[in-house]
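Worksheet for the structure shown next.
The values are calculated or read from the model by the stated rules, or taken from the named source; none is laboratory data. Computed from a predicted model, the values in this text were never measured in an experiment. Cβ atoms come from the backbone with ideal geometry, glycine included; neighbour counts cover every protein chain shown. These accessible areas exclude ligands, DNA and RNA; they are computed on the full protein's heavy atoms, side chains included. Shrake-Rupley method; radii C 1.70, N 1.55, O 1.52, S 1.80 Å.
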Amino acid sequence: MMADTDFDRNLFDLNADVLDAYAEVFDPEKFPKAEIAPMPDPFTLDMAGVEVKPDLRLALQRTTKTNRLRTGFLSIRYAKGKPLSEDVGKWQSSLLFACRKMLDGDDQKAAEHKLCVTLDAATGEFIEAPGDAVSRFANMEAACQSIAERWDSIEPPPNAIVKE
């Protein structure tokens, strides 16, 4: 892709590095047993006054043997040359699970832990939403509420550019 600025050139080169690194560890057997589903329109969660924009890369779905639809999301994480902490991946996958449950609306049983996964592009590992994903999401909401309550009283660091 053509780059008009040094920033764009650097970004494109880094993106290519991520793809090269993932190609080295890719194993199709590890991909969740599901098909790719239509993505929802981008959305923002209001978590107790803190805006959170989930990084959704793929929507996943599968039909069970009893003809029930199960759904999920996939997100990708990459830190150059460093594997993602499993705990961080579980937190991110828990957010994906909560988002899927919110979007599934009336069918609260459609979201499936095994289909809400964070891909660590450095290792090729898929980290599923854990069994305590609902509790983790409640903890995220509580943390956001604490942040929102204190935000206005926090002094920005020196030389910070704060947008109003």
Exercise. Any residue at all in segment 97-109 that is assigned to a loop (DSSP other than H, G, I, E, B), open to solvent by 50 Å² or more (accessible area, probe 1.4 Å), without any contact (Cβ under 8 Å) to a residue 24 or more places away in the chain and at positive phi?
Worked result: no
Exercise. Out of segment 120-164, which residues are basic (K, R) and either open to solvent by less than 90 Å² (accessible area, probe 1.4 Å) or not in a loop (DSSP other than H, G, I, E, B) (or both)?
Worked result: R136, R150
Exercise. Pairs, please: C-beta under 7 Å, at least 6 apart or cross-chain, first residue under 24 Å from L119 (Cβ atoms) and in segment 129-147, second among the basic types (K, R)?
Worked result: P130/K90
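I'd like the full set of residues that are open to solvent by 70 Å² or more (accessible area, probe 1.4 Å) and part of a loop (DSSP other than H, G, I, E, B), limited to segment 45-64.
K53, R57
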Exercise. Can you tell me which of N10, N15, N67 is open to solvent by 60 Å² or more (accessible area, probe 1.4 Å) and in a loop (DSSP other than H, G, I, E, B)?
Worked result: N67
Exercise. Any idea which of (1) touching a helix residue (DSSP H, G or I) at 6+ places or on another chain (Cβ under 9 Å); (2) of a type in the set (D, E); (3) open to solvent by 90 Å² or more (accessible area, probe 1.4 Å) is the one E112 doesn't satisfy?
Worked result: (3)
Exercise. Quick check, is I76 open to solvent by 90 Å² or more (accessible area, probe 1.4 Å), closer than 23 Å to L103 by Cα and either under 18 Å from the mean Cα position of the chain (by Cα) or acidic (D, E) (or both)?
Worked result: no
For this session: Determine the pairs where a residue that is modelled with pLDDT under 90, located within segment 1-23, has a partner that is assigned to a helix (DSSP H, G or I) and not polar (S, T, N, Q) with Cβ atoms under 6 Å apart, the partner being 6 or more residues away or on another chain.
Result: M1/F12; A3/R9; A3/F12
For this session: Search segment 75-91 for residues that are in a loop (DSSP other than H, G, I, E, B) and pair each with any residue that is of a type in the set (F, W, Y) when their beta-carbon atoms are under 9 Å apart and the residues are at least 6 apart or on different chains.
Result: Y78/Y22; L84/Y78
